[in-house]
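Throughout, read-outs are computed from the coordinates displayed, never taken from laboratory work. Predicted model, so just to flag it, every value in this text is computed and none were measured. Because the Cβ atoms are built from the backbone with ideal geometry, glycine has one as well, and the counts that use them run over all protein chains shown.
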């Protein structure tokens, strides 16, 4: 699991290429620095995430928030992550749940399409059908 934070360096993601799968613990609705508008002070990490996925390493998104659902369609950063192949759109799992599930799924298959399908399928209540507003 990698907790995303302001100032995270792109080179950190290079070391992740030795893992079978990665869980990113993103901000808000499930974001990392993508710098879609070319802000000179922002350092994007989307290229490195895309490279991990392209090399066959599944990258799963979770959120740092206690309650809430990932929605990679709301902001440009999320759409870029979804387009890159990040798994987890509309899931409301905790980082630990996403990690445990990814370990289980990767123990059964390494096929990226199957990993995505199984990760985003509610198997034992780890993904709620509806979000409850408190």
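Worth pointing out:
- Residue exposure sequence - 113, 96 - by fewest surrounding Cβ within 10 Å: 113, 96
- Choice from 48, 118, 83 with maximal GNM fluctuation in the chain (Cα, 10 Å cutoff): 83
- Bridge orientation summary for the chain: considering DSSP beta bridges with both residues in this region, about 10 percent are antiparallel.
- Cβ-to-Cβ counts within 10 Å put 101, 110, 40 in ascending order as 40, 110, 101, the fewest first.
- Stokes-Einstein diffusion coefficient of the chain, Kirkwood radius over Cα pairs, 4 °C, 1.567 mPa s, in µm²/s: 87
- Using a Förster distance of 25 Å, the FRET efficiency for residue 67-residue 117 (Cβ separation, nearest 0.05): 0.45
- The stretch between residue 90 and residue 9, if pulled fully straight at 0.36 nm per residue, gains 26.5 nm over its current Cα-Cα span.
- Listed from fewest to most Cβ neighbours within 10 Å, the set 106, 90, 70 follows the order 90, 106, 70.
- With contacts taken as Cα pairs under 8 Å at a separation of at least 6 residues, the range 53-117 carries a relative contact order of 38 percent.
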